[in-house]
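Asker: Before we start, here is the structure in question, set down as structure tokens.
Every number in this text was worked out from the coordinates using simple rules, so none of it is lab data. Computed from a predicted model, the values in this text were never measured in an experiment. Cβ coordinates were reconstructed from backbone atoms using ideal geometry, including for glycine residues, and neighbour counts include every protein chain displayed.
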Amino acid sequence: MIGPFSRRSISVIGAVAATVAALLLLSRTNIPAGTAAPTGLYVVDENAVGIEVGATFTIPDAQPVAGGGVFAEELRARPTLRLIMVDLFATWCPPCQVETPVLRSIAATYRDRGLLLVGISVGELASTVASYAQRYQLGYPILIDESSELFRAAGAGGIPTKIILDPSGRVVRVITGPLSAEAATALFEELLPTR
């Protein structure tokens, strides 16, 4: 006993103090962590040529949808389809995250004018994507591209990339990088004029 404390209590207090001191010292140290993701607007492949306007981009009918179901069911639910906007993205991608509210708004605003927005999560697990879609209340289908086959088929060099298709799957536009609300509105006002 040392004063009102036992040797064991003093040892525990000393260990805790040493741990806190070490943590404080480490918090002031600059430890290089490496690069978490490619730089330059999340470019994955600088040599990718991308899919061309006029080409065909096919999403398999059986492509799984986050939360259950398949792509063919989403198409059957939309008989008045005029355009499909495919958004190649990842839940961990900061530009994709910033763009999410814009896409959610565009999907809701232009749905009645024939737009189907389809997110395609590249290289992620279905559970991760379903959680993301639920957390951000996405009102459009998110397809799972766990093996990145659709990403490669699009010839995309990075994410986010958007491919706008007519109902037959013909590419109308390709947009790399995130869309602002203004740019998205201008684009769909042009592509989906009112009657």
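Asker: Count the DSSP beta bridges whose two residues both fall in segment 118-195, then state the antiparallel fraction as a percent rounded to the nearest 5.
Answerer: Numbers: 5 of 9 bridges.
The antiparallel proportion sits near 55 percent.
Asker: Moving to a separate point now. Along Cα→Cβ, 7 Å out, is where each label goes; now give me the distance between the ones at ALA55 and ARG78 in nm to one decimal.
Answerer: 2.1
Asker: Let me know the shape class of segment 71-191, please: from the alpha-carbon gyration tensor, a ≥ b ≥ c as square roots of the eigenvalues, rounded when a/c is under 1.5, otherwise prolate if a/b is greater than b/c, or oblate.
Answerer: Since a/c stays below 1.5, the shape of segment 71-191 is classed as rounded.
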